[in-house]
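Colleague: Handing you a structure now.
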Amino acid sequence: MLALTLLLASLSAAPPRNAAPPPRPPQDPLIVEGFDHFYNLEYPQAIAAFQRAIALAPNDPARHNHLAEAVLFGMMYRCGALESQMVTGGNPFLRRPKMEPTPEEQTLFTSSIDKVLQLSGHTLQINPNDEDALYAQGVALGFRATYEYLVRKAWLDALHDATAARKLHNRVSEMDPERVDARMMQGAHDYLVGSLPLVYRMIGFLAGFHGDREQGIRTLRLVAEKGVDNKVDAQILLGAIARRERRPWEVIPIIEELQVRYPRNFLVLFELSQMYADMGDKARALAPLDTIERLKRTGAPGFSTLPDERIEYARGNLLFWYEDFDLAIQHLERATAHDQVLDPNSGPSAWLRLGQCYDIRGRRQDALRSYSRAVAFTPASDPAHEAKKYLSSPFTLAEKHQIDRATRIQAP
């Protein structure tokens, strides 16, 4: 299981075989339960399930990796870092505000990674070619690389761990080409390094990895099709990439499949709305938001904790792009009325969008107040940086049209 923002490896030279992989033993019910909670955004329950699984088999490094992943993704979810808009356009994954884990999260994550490295290291001392130990160690270093960047903002440390993780999983792929899951890191790293500005790519060159966006996508598609442990992660990452590359039609079927498989995951419905909005289909973009509201209103499992304000922001943001500014203002005002329930991504975004709507409607003083709130909400965020521009000059309809032209999708 790998994080969406892992800074990891490129495609192995060993070609995949056509033969089916050997049968796997049935998975521990606690692991199954943990990942059901995990993919339905229920991170405290996932953490508890993985802790119970560890108690039954404390020397299994994979279980400690599962726990570390749940802790890491719980932090990312709380900060609004699990939505595809966080990796669209340019390289905003380089500009992510620093995440602030609780002391408990920091301790639990660090101790889990250390335990994986200890257990796998002991196995590799006995057998340097133990595939499972190599794989587990690579996953742990990948998670630590993500943590080092998102929490510590330590780019060079993250690159060092990512490089080591890539080499480990390359070895696994060379030893066992049928282990498709080992290519997840490779595909993610190939795409991400290939997407970086030249100055960052040069650092990758020094580490021996050049990056290749299209090769990375092909690798991730292979994992999404034939992987086992990383199949869903590859599908989710392909969704984020498809939106970043402005090819939403490629991933809508995957998102719809994930919606059926993980019905308590409301982020999947938000993503579906965004994909249809990117394609210019207003009716289909609004439909998932209607579904979210209905599920919350009827008390559907998983939707009770979703703030109404998050739904209001999504609807207001969509209406803004379709230039229904007066109705967008109504929804965005409701979204920001209790902005403390919004995450560090949605909060400043809602205030920014409200300010832009006010400016277009000639309500400059209201716009200035909204931009100031966006800046104060999460000062290091992209929406805050954008809002600062409009404190000195109003956002105009002509500027919106310019953005529309620059981001218009050419459907296949």
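Every number in this text was worked out from the coordinates using simple rules, so none of it is lab data. Here the structure is a predicted model, which is why all the values come from computation and not from measurement. Positions of Cβ are backbone-derived with ideal geometry, glycine not excepted, and every protein chain shown enters the neighbour counts.
Colleague: Averaged over every viewing direction, what's the projected area of the C-alpha convex hull for segment 285-412? Give it in nm², one decimal, please.
Modeller: Numbers: hull surface 34.9 nm².
Result: a mean projected hull area of 8.7 nm².
Colleague: Need the list of lysines near residue 153 for cross-linking: C-alpha distance under 17 angstrom, and skip anything on the same chain fewer than eight residues off.
Modeller: Straight-line reach from residue 153, under 17 Å: 98.
Colleague: Please give the peptides 321-333, 161-173, 386-398, 237-249 ranked by average Cβ packing (other Cβ atoms within 10 Å per residue), highest first, as a rough proxy for protection. Walk me through the numbers on the way to the answer.
Modeller: Numbers: 321-333: 18.2, 161-173: 23.7, 386-398: 15.3, 237-249: 20.8.
My ranking of the peptides, most packed first, is 161-173, 237-249, 321-333, 386-398.
Colleague: Let me ask another. Describe numerically, in nm with one decimal, the distance between label points set 7 Å from Cα along Cα→Cβ at residue 218 and at residue 380.
Modeller: Each label point lies 7 Å from its Cα, and together they span 3.8 nm.
Colleague: Could you derive backbone 3J(HN,Hα) for segment 329-337 from the dihedral phi with the Karplus parameters 6.51, -1.76 and 1.60 (θ = phi - 60°), listing whole Hz in sequence and x where the residue is Gly or Pro?
Modeller: Karplus values, whole Hz, x for Gly and Pro: 4, 4, 5, 5, 5, 5, 5, 8, 4.
Colleague: Now for a different question. Using 7 Å Cα-to-Cβ label points, what is the residue 167/residue 281 separation (nm, one decimal)?
Modeller: 4.7
Colleague: Moving on. In nm, give the distance between the simple-model label positions of residue 257 and residue 388, each being 7 Å from the Cα along the Cα-to-Cβ direction.
Modeller: About 4.3 nm, to one decimal.
Colleague: About the Cα centre of segment 297-412, what is the dipole size in debye to 20, counting +1 per Lys and Arg Cβ and -1 per Asp and Glu Cβ, all else neutral?
Modeller: 180
Colleague: For residue 400, list the aspartates and glutamates whose Cα falls under 14 Å from its own Cα; do not include residues on the same chain fewer than 8 positions away.
Modeller: 323, 324, 359, 386
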